[in-house]
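Quick notes on the structure that follows.
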Amino acid sequence: MKSLFKPKKAAVSMDELINYPKDSLGFHLGCFLFNNSCESDPIPEKEDVYRTLLINEVSNKEEIAMYYYLFGNGDLSLPTLFVMASGAMFYPHCISYFYKRYRDGRNALRFYDLDHFRMLHLPLQRIKDTFLIR
C-alpha cells in the first residue's frame, strides 16, 4: 500500500545532480537543494522537483501556492488538501494569488503524477514548455 504522507525519494546524490548538464532539471534540482537544504547531502524528494519547476523563491506563500497549482493539475492527495486549507486559513490575504496558481495548474498539462526522476537529464525549460508550466 502506498503511504499517504511519505514523499517519493530519488536514488540520486547531490554530486550526481550537480554533474547533470547546466540546463537540465537534474542540475537545477541539485542547485535548489544546495541553496535551500540544511543537510550536508540531502536526498531529493518529489516535492523538491515540484519546487524546482514551479516556484522562484522559497517562502510560505510560494510553498502554499505550489500546492494550489498541483491541486489544479489533478493532485487530490490528503497532504495537498491539508496545505491548501491551512494556507487559506493563515494567508487569507493571498487567496486571489492562490486561486491564480490553481488556474495555472488547471491550464497546464497533467504532470504531477509522472516519474520526474526519469526526466532529470532533460532541459528544465523544455519540460516547462512541454507541460505548459507557468
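Computed from the coordinates by the stated procedures, all read-outs in this text should not be read as laboratory data. Note that the coordinates shown come from a computational prediction; the quantities given were computed from them, not determined experimentally. So basically every Cβ, Gly included, is an ideal-geometry build from the backbone, and we count neighbours across all protein chains shown.
In sequence order, the stretch 51-63 has phi-based couplings of 4, 5, 7, 10, 10, 9, 9, 9, 8, 4, 4, 5, 4 Hz under the Karplus curve 6.51 cos²θ - 1.76 cosθ + 1.60, θ = phi - 60°, and Gly or Pro positions carry x. The label point for LEU114 and the one for LYS100, both projected 7 Å from the Cα toward the Cβ, are 2.5 nm apart. Peptides 21-31, 80-90 ordered by packing proxy, namely the average of other Cβ atoms within 10 Å per residue, highest first: 21-31, 80-90.
Can you give the net charge of the other residues whose Cβ lies under 9 Å from the Cβ of MET66, counting K and R as +1 and D and E as -1? So the environment of MET66 carries a net charge of -1.
For the chain, what is the mean residue ellipticity at 222 nm derived from helices alone (per DSSP H run of n ≥ 4: -39500 (n - 2.57); sum divided by total residues; nearest 500 deg cm²/dmol)? Please report the intermediate quantities before stating the final value.
Working: 7 runs with 72 residues, N = 134.
Estimated from H runs of four or more residues: -16000 deg cm²/dmol.
Student exercise: in the chain, how many lysine pairs 8 or more apart or on different chains have Cα atoms under 19 Å apart? Before the final figure, lay out the partial values.
On the way: LYS2/LYS46; LYS6/LYS46; LYS8/LYS46; LYS9/LYS46; LYS22/LYS128; LYS46/LYS128; LYS61/LYS100; LYS100/LYS128.
Value for the chain: 8.
Less than 5 angstrom separates the built amide H of TYR91 from none of the residues sequence-distant by 5 or more or on a different chain.
By how many nm would the segment from ILE43 to LEU132 grow when fully extended, if each residue of separation counts as 0.36 nm and the alpha-carbon distance is taken off? Walk me through the intermediate numbers first.
Details: separation 89, 0.36 × 89 = 32.04 nm, distance 2.72 nm.
Stretched out fully, the ILE43 to LEU132 stretch lengthens by 29.3 nm.
The distance linking the stretch 28-81 with the stretch 111-134 is 14 Å (Cα centroid to Cα centroid, whole angstrom).
Enclosing the Cα atoms of the chain in their convex hull gives a volume equal to 108 cubic angstrom per residue.
Taking the Cα centre of the chain as reference, the dipole from Cβ charges on Lys and Arg (+1) and Asp and Glu (-1) amounts to some 560 debye.
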